[in-house]
Structure formats: structure tokens, C-alpha cells
């Protein structure tokens, strides 16, 4: 499990860099864009995905997760988290979660 960073969508805010608990996200000196240094070391905590304001970061869902190469992204609008799974054939699935209710049992 690892993340992928879309450099075309990245605005260089570096918010992801600040929240990565493994310090795996780095930035280049000549560009504000970020990259993941060692993708195989990413344990998929999704902190960077939730922090990215442009949806530039996605979590790769491999076969071990039942994703067969799908990618997971999230965008926030007020208190709603809109999680999207994009399958390899382009099919999208969406799950909306109210942040205020997300930790209630």
C-alpha cells in the first residue's frame, strides 16, 4: 500500500509534508512540488490524503486490499468528507461521511 502524488494537480502547499508521520514526503529544491521518497515504506495512514486541499494525493489500493489497483482520494466540503474510489477501468464509487458523525458508534 502506498500513495501516488499527481504533480500536475499539486500546488506546492506542503501541508502533506508536515503531516506525514514517517517523513516520507519530500519537496524538491527547484520546485515547490512534493514527492514520496520511498513509496514502499508508506503504511497507508492517509494523513496526507486528508490534508491535501487539491486532491493531488491518492492511496493505491492493491490486490491485498481488494482494490486491484484502484485509487482512493478524499475532498472536504464543510463537514462532509467525500471519499472516492477510482477503479482501473475508470469506474468511480463515492462515499460521503459527515466528519462530526464519523467517530460515533
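Just so it is clear, none of the values below were taken in a lab; they were calculated from the coordinates. Just so it is clear, the model here is predicted, and its values are computed rather than measured.
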- Item | Overall form of the range 30-76 per C-alpha gyration tensor (a/c, 1.5; a/b vs b/c) | oblate
- Message: Can you tell me, using C-alpha contacts under 8 Å and at least 6 residues apart, the relative contact order of the range 2-98 as a whole percent?
- Response: 22 percent
- Query: Taking only DSSP H segments of four or more residues, each worth -39500 (n - 2.57), what value at 222 nm results for the chain once the sum is divided by all its residues, to the nearest 500 deg cm²/dmol?
  - Reply: -2000 deg cm²/dmol
- Note on the structure: Projected area averaged over all directions for the convex hull of the alpha carbon atoms of the range 2-98, nm², comes out at 6.5 nm²
